[in-house]
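**Q** Pasting in a structure now, in C-alpha cells, and then I'll have a few things to ask.
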Amino acid sequence: MKPSEIDLHKELKKYFGFNQFKGLQEGVVKSIITGNNSFVIMPTGGGKSLCYQLPALVLDGTAIVVSPLIALMKNQVDAIRSLSSEYGVAHVLNSSLTKTEVNQVKKDITSGLTKLLYVAPESLTKEEYIEFLQSVPISFVAIDEAHCISEWGHDFRPEYRNLRTIIKQLGDIPVIGLTATATPKVQEDILKNLDMTDANTFKASFNRPNLFYEVRTKTKNIEGDIIRFIKQHKGKSGVIYCLSRKKVEEIAQVLQVNGISAVPYHAGLDAKTRAKHQDMFLMEDVDVVVATIAFGMGIDKPDVRFVIHHDIPKSLESYYQETGRAGRDGGEGHCLAYYSYKDIEKLEKFMAGKPVAEQEIGFALLQEVVAYAETSMSRRKFLLHYFGEEFDDVNGEGADMDDNVRNPKKKAEAQDQVVTLLQTVRDTNEMYKSKEVIFTLIGKINATIKAHKTDAQKFFGKGKDHEEKYWMALIRQVLVDGLLSKDIESYGVLKLTQKGLDFIKKPYSFMMSEDHEYSEADDEAIVT
Ligand code: ADP
C-alpha cells in the first residue's frame, strides 16, 4: 500500500485502541511515513513512542530504534508485543542474546515479521550487525533520547556521535530524532550531528500549567520545613530528591520518626529492596519516596502531588525532568526547590577534575540554575524561555502558578539603567560575559578588563550608582525579555539583539523587580 493510502486513524485504533492522535502525533506520523527526516521535541508523557511505533507497524521493512537504556527497550518491546498477535513483531538486538536468539531475530527480520528492532548505540557499531542490516529492508531509524548526542544535554553519550556514520552505511534511510530536552543549543546539536537540518521539526509546548513552582532558601531548619510542607499535604504522594545516598537515608529516617510514611530509594539499595520500595509507593502503602536522581528513570505514578528538591539540580533540564514527574494526571503538582549558593559551589567542586570543556559547560548550566533560583520574575516564563519558548506571564495558561507571581516583589522603573547596560555591552564590543559587563558598569577591575584596557574607557564605571547584584538581576530580566542574548558557543558572552538595538534608539518603560536574597543561607544546612 502507498503511504498516502494508509488510513492512519484506522491503524491507530487497530493497534493502540486510541480514537485520536495526541498533540502533534498525526503530523509526525505523516512526516515519517512519507519518508522525511523528522525531529520531535515533546515533554515526557507527550506520547513520543507512538510517533515512530505506528509508522513502523504500517510501513514495509523493519524500523531500527536506537535507545540508550536496556530497561526502557525491554519495556517498549513488551508493550508492542502486547499490541500484536506476533511475538516477533518487536525485538531487541544486543550482546546479551545467545547465538540461537540472534539467529531467531535475524530470521524474523528477514521474513518481514519484525517491524521494530531496538538496539543500543554500541550494538550498532558491531560489524556483524551492520552487514546483516544492510541486507534487509529498513523503513527508518528512530533515535530516542536524541539529546544524548549533545554535550549540552543532560545525558551526553559519546556512542551517539557515531550514529550518523553508521546509518549512512545502511543506505539512504529517513531518520527521526526524539527528545524531551528542548534547549535551542541541544536542538541545533542534534540536527547538525544527525546531518538532518532539513528535518520536519515538531515541537510541543513545554508548559505544564498544573505545576506550581516554588524556591525557598535552604536553611539549617530545612528538615522541619519539609516536614511541615508534607503535613500540609497529608496523605498525598510525593518525591524528595537528594544529591547523596547518605542524605536520602537521613531524610527518610527523619520523616519516619516524625510520623510520615516514607521510604528511601537509591542505587546503593539492593534490587529487591528497591523494587519493594517502589511498589510500596505505587500501591500507596507509603506517601513519600526520598530518592537520588537514579530513581526518576523508573517512576511513573500519575498522581504525584509534590516534588521536593532538597538539593538543587545541576541543570534546568534536570530540574524540568524531575519536577515533570509531578501531576502527570493533570492534577495539582507542587514543585519546591531548596536553594543556597553553597550548594552550587558544592556542585562546582564535583566538576573539578573533569575535562575543561565539560567543566565550562557544567558551569554555564549551573549559572542558569542560579539565575532561575534567584530570579523574582515568573518562574514559568524563565523556564520556558530557557527552552526557547515565549510565555505570556499575564494571560498564559498557569501564569499565576509560582511563588514569584503570587508574591511579587516591588518593581521599579529601570528604563535608563537598561539603556546604560545595553550601551555598555555595545561599547565593550560584545565580547564580555555578564561578569565583565557588570565590572565595567560598576568600575571594578580584573585581569580581563585590564587586558582589554576597558578601565581606561570613559564609560567605565558608568553604572556605579547601583550594586553588582542589581545589575545581575537586570541582566537576567533583560535576557528573558530578549534585549540581550547569551552566546552559547562562547559559554555566555552577551550579545545585543535587534530588539536591544531598537531599545537603545527608542527606549521604553522597563519595570524590573529585585532578585531574591539567598546569601544568608546557613552553611551547616548542606553538610552531609
Ligand atoms: P513519552 O515517550 O513522550 O514520554 P509516551 O510515549 O510514554 O510518552 O506516552 C505517554 C502516555 O500517553 C502513554 O501512557 C501512552 O499510552 C499515552 N498516549 C500516547 N498517544 C496517545 C493517544 N493518541 N491517545 C491517548 N493516549 C496516548
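**Q** With the crude spin-label approximation of a point 7 Å out along Cα→Cβ, what separation in nm comes out for GLU360 versus LEU83?
**A** With each label point 7 Å from Cα toward Cβ, the separation is 4.3 nm.
**Q** Skipping prolines and chain starts, which residues have an amide H placed within reach, meaning under 5 Å, of the one on LYS433, given they are 5 or more residues away or on another chain?
**A** Those qualifying (amide H under 5 Å, at least 5 residues apart or on another chain) are LEU494.
**Q** Figure the gain on full extension for ASP198 and LYS349 (residue separation times 0.36 nm, minus the Cα-Cα span) and round it to one decimal in nm.
**A** Result for the pair: 50.3 nm of gain on full extension.
**Q** What is the angle, in °, between the Cα long axis of helix 184-193 and the longest principal axis of the Cα atoms in the chain? Nearest 10 is fine, range 0 to 90.
**A** Between helix and principal axis, roughly 40 degrees.
**Q** Please give the length that would be gained between LEU170 and SER244 if that part of the chain were fully extended, namely 0.36 nm times their separation in residues minus their C-alpha to C-alpha distance (nm, one decimal).
**A** 22.3 nm
**Q** For the stretch 465-491 and the stretch 262-341, what is the separation of their Cα centres, given in Å?
**A** Rounded to whole Å, the Cα centres lie 33 Å apart.
**Q** Expressed in nm to one decimal, what extension gain is obtained for the pair GLN104 and GLU26 from 0.36 nm per residue of sequence separation less their Cα-Cα distance?
**A** That pair, GLN104 and GLU26, stretches by 24.7 nm at full extension.
**Q** Tally Lys/Arg at +1 and Asp/Glu at -1 over every other residue whose Cβ is under 10 Å from the Cβ of LEU113; what's the total?
**A** 0
**Q** Give me the net charge for the shell around SER237: Cβ to Cβ below 14 angstrom, other residues only, Lys and Arg +1, Asp and Glu -1.
**A** -2
**Q** Could I ask something else about it? From the helices alone, meaning DSSP H stretches of at least four residues, give me the mean residue ellipticity at 222 nm for the chain, per-run term -39500 (n - 2.57), in deg cm²/dmol to the nearest 500. List each step's numbers first, then the result.
**A** Working: 21 runs with 213 residues, N = 528.
It lands at -12000 deg cm²/dmol.
**Q** Something else now. How far, in degrees from 0 to 90, does helix 468-480 lean away from the longest principal axis of the Cα atoms of the chain, to the nearest 10?
**A** That helix lies at roughly 40 degrees to the long axis.
**Q** A follow-up question, please. Please report the spacing between the Cα centers of the stretch 83-110 and the stretch 1-30 in Å, no decimals.
**A** Taking the Cα centre of each part, the stretch 83-110 and the stretch 1-30 sit 26 Å apart.
**Q** Sequence gap of 8 or more, or different chains, plus Cα separation below 26 Å: how many lysine pairs satisfy both in the stretch 303-416?
**A** Pairs that pass both the separation and distance tests number 12.
**Q** Taking amide H positions as placed in the peptide plane 1.01 Å from N, state which residues far from ILE240 in sequence (5 or more) or on other chains have amide H under 5 Å from it.
**A** Sorted by chain and number, the residues that satisfy this are VAL289, VAL290, ALA291, ILE308.
**Q** Kindly rank 496-502, 352-358 from highest to lowest mean number of other beta carbons found within 10 Å of each residue. Before the final figure, lay out each step's value.
**A** Working: 496-502: 14.9, 352-358: 9.6.
Order by mean packing, descending: 496-502, 352-358.
**Q** While we're looking at this one, here's another question. Using only Cα atoms, find the angle between the long axis of helix 222-232 and the longest principal axis of the chain, and express it within 0 to 90 degrees, rounded to the nearest 10.
**A** So the helix axis and the longest Cα principal axis differ by about 60 degrees.
**Q** Hey, another quick one. Modelling each spin label as a point 7 Å along the Cα-to-Cβ direction, I'd like the GLU430/GLU223 distance in nm, to one decimal.
**A** 5.3 nm
**Q** Given that compact globular proteins tend to follow 2.2 N^0.38 Å, what is the ratio of the alpha-carbon Rg of the stretch 385-502 to that value?
**A** Numbers: Rg = 15.6 Å, N = 118, 2.2 N^0.38 = 13.5 Å.
That ratio works out to 1.16.
**Q** Specify whether the C-alpha gyration tensor of the stretch 25-71 places it in the rounded, prolate or oblate class, a ≥ b ≥ c being the square roots of the eigenvalues: rounded for a/c under 1.5, otherwise prolate if a/b is larger than b/c and oblate if not.
**A** Since a/c reaches 1.5 but b/c is at least a/b, the shape of the stretch 25-71 is classed as oblate.
**Q** What is the order of VAL257, VAL77, VAL40, VAL304, fewest Cβ neighbours within 10 Å to most?
**A** VAL257, VAL77, VAL304, VAL40
**Q** Obtain the nm distance between the two label points defined at GLN253 and LYS272 by a simple spin-label model: each point lies 7 Å from its Cα along the Cα-to-C-beta direction.
**A** 2.3 nm
**Q** Still on this structure: Restricting to the chain, compute how many DSSP beta bridges are antiparallel as a %, nearest 5.
**A** Of those bridges, close to 15 percent are antiparallel.
**Q** Continuing with this model, one more query. I'd like the Karplus ³J(HN,Hα) series for the stretch 500-512: coefficients 6.51, -1.76, 1.60, θ = phi - 60°, whole numbers in Hz, and an x wherever there's a Gly or Pro.
**A** Per residue, the Karplus-derived 3J(HN,Hα) values read x, 4, 4, 5, 4, 5, 9, x, 9, 4, 9, 8, 10 Hz.
**Q** Moving on. Report, by chain and number, residues whose modeled amide H sits under 5 Å from the one on PHE212, excluding near sequence neighbours (fewer than 5 apart, same chain).
**A** GLY333, HIS334, CYS335
Every number in this text was worked out from the coordinates using simple rules, so none of it is lab data. Note that this is a predicted model, so its numbers are computed, not measured. All Cβ positions, glycine included, derive from the backbone under ideal geometry; neighbour counts span all protein chains shown.
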